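The values are calculated or read from the model by the stated rules, or taken from the named source; none is laboratory data. Quick caveat: nothing in here was measured; it's all calculated off a predicted structure. FYI the Cβ positions are ideal-geometry reconstructions off the backbone, even for glycines, and counts take in every protein chain you see. Side chains included, ligands, DNA and RNA excluded: accessible areas come from the protein's heavy atoms. Shrake-Rupley method; radii C 1.70, N 1.55, O 1.52, S 1.80 Å.
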Amino acid sequence: MKRIPELIMLDLDGTLYVGKQPIPGAITALQLLRKRGIQLRFLTNTTTKSVDELSAQLRVMGFTLEDDELISAPVGAKLELLSIQQKLRRPLRIWPVVADGIKQDFSDFFWDEQRPDYIVLGDIGDAWDLTLINNLFNAMHAGAELIALHKNRFWQTDEGLKADIGFFVAGLEYVCSKNARVMGKPNRAFFQRVLDSVGVDAANALMVGDDLDSDIGGAQQMGVRGCLVKTGKYREAYLDQSTIKPAYVIASVADLAHMWD
């Protein structure tokens, strides 16, 4: 018998919607889950849109959510910094090297490019240059720690493949002999911050997504059950070849509404 979770974490693109269209039955399914008293959190690795933008995007599609229910990689980094700040019992100085659209997500901290405690590194497009790299190197050499919103190696664009920020994260780690704290799925710290924000143990949570590695594998390394949906980037051949085995495989997120009937 399937154990009803206290918390369901949901991937966005490919799981709740594709393009700008909700997966058929997704909105109704989430409404029914809420009626059962199950808490929901919406997770995404998007690092170029603020949580306000992402929440508005979901609401336009017809989804209902509270502001604190959407946790992006930048929000995960913010929660990590707030936890550190609480332990140190003093304000943190940070240098947010991120897209302009998400800088507001870090407004709770004092910004200092000269002597930061932490550098938060995200997608900044073509803003990379040697001066910035050297400034980051010197700040880390002087003691700053690095938090990366992700460490992707490359990404697909209309012009073909392009190197992603993993190139710069790995380079800074190497020249500074320091390891970055990488946020976002599939990293343990990200999932832990989500669990902590709700106050639910891993054993009482379920992660639902279309990415076998990032969503399901990331959750399972934390002891969270994984539910793979056959939408978005799901490929049966990839599942068959993978060592990651989800607790559940369902046709779409719409099936969640009846899993515990």
I'm trying to understand the selection: among the residues of the range 218-240, which are among the small types (Gly, Ala, Ser) and within 13 Å of residue 190 (Cβ to Cβ)? 218, 219
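Tell me which residues, restricted to the range 43-98, are among the β-branched types (Val, Ile, Thr), surrounded by fewer than 20 Cβ atoms within 10 Å (Cβ to Cβ), at pLDDT below 95 and within 30 Å of residue 19 (Cβ to Cβ).
Result: 48, single match.
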Which numbered condition trips up residue 161, out of (1) more than 19 Å from the chain's Cα centre (by Cα); (2) at pLDDT 95 or above? (2)
In the range 228-245, what count of residues is obtained for those that are under 19 Å from residue 18 (Cβ atoms) and among the acidic types (Asp, Glu)? 1
Scanning the range 186-197 residue by residue, those open to solvent by 10 Å² or more (accessible area, probe 1.4 Å) and closer than 12 Å to residue 43 by Cβ turn out to be 186, 187, 193, 197
If you go through 130, 146, the only one that is surrounded by fewer than 11 Cβ atoms within 10 Å (Cβ to Cβ), aliphatic (A, V, I, L, M) and out of contact with any Gly (no Cβ under 6 Å at 6 or more places or on another chain) is 130
Name the residues in the range 114-127 that are modelled with pLDDT of 95 or more and under 25 Å from the mean Cα position of the chain (by Cα), would you? 116, 117, 118, 119, 120, 121
Name the residue that is most open to solvent (accessible area, probe 1.4 Å), counting only residues in the range 220-246 that are under 21 Å from residue 33 (Cα atoms) and modelled with pLDDT of 95 or more. 230
